[in-house]
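Since the structure comes first, as structure tokens, the remarks are kept for the end.
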Amino acid sequence: RDAVPFGTDYATPASLSVPAQPKQLLYDTTTVDSSALRSRSPLLHDALLPFQHAGIARALSWHGRVLFADEMGLGKTLQAIGTLSALDAWPALLIVPASLRLMW
């Protein structure tokens, strides 16, 4: 294999498919339909912040097939529980590090 000079910039070959990028990274939280979560778990619904409502709405639009990967302390646990509650997807299998097992 030939050596590649440092700093060489290559364009993406046409043969490789590039996944479509979302058109909008921040979702409008004013249009989030949270009626499923509100009806099943009103206390959790009222405890969530607007960006968590948006995360749950996005998860529901993907039929719950998501991986919440926010920074620490932003409420991934609440979003996961809210999504499961809105989908009424019980029982659920959660895969977490051993240090979080007792929390779940």
Carbon and sulfur together cover what percent of the accessible area of the range 34-87 at a 1.4 Å probe radius?
62
Spelling out what I want: for every residue of the range 70-82, take phi, set θ = phi - 60°, compute 6.51 cos²θ - 1.76 cosθ + 1.60 (Karplus), and round to whole Hz; glycine and proline get x.
6, 5, 4, x, 9, x, 4, 4, 5, 5, 5, 5, x
Please provide three numbers in whole Å: the alpha-carbon extents of the range 34-87 along the principal axes, with the largest listed first.
28, 22, 15
Please compute the per residue accessible area over the range 34-87 with all protein chains in place, 1.4 Å probe, rounded to a whole number of Å².
61
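The values are calculated or read from the model by the stated rules, or taken from the named source; none is laboratory data. Quick caveat: nothing in here was measured; it's all calculated off a predicted structure. Note: accessible area is taken over every heavy atom of the protein model, side chains too, but ligands, DNA and RNA are not part of it. Shrake-Rupley method; radii C 1.70, N 1.55, O 1.52, S 1.80 Å.
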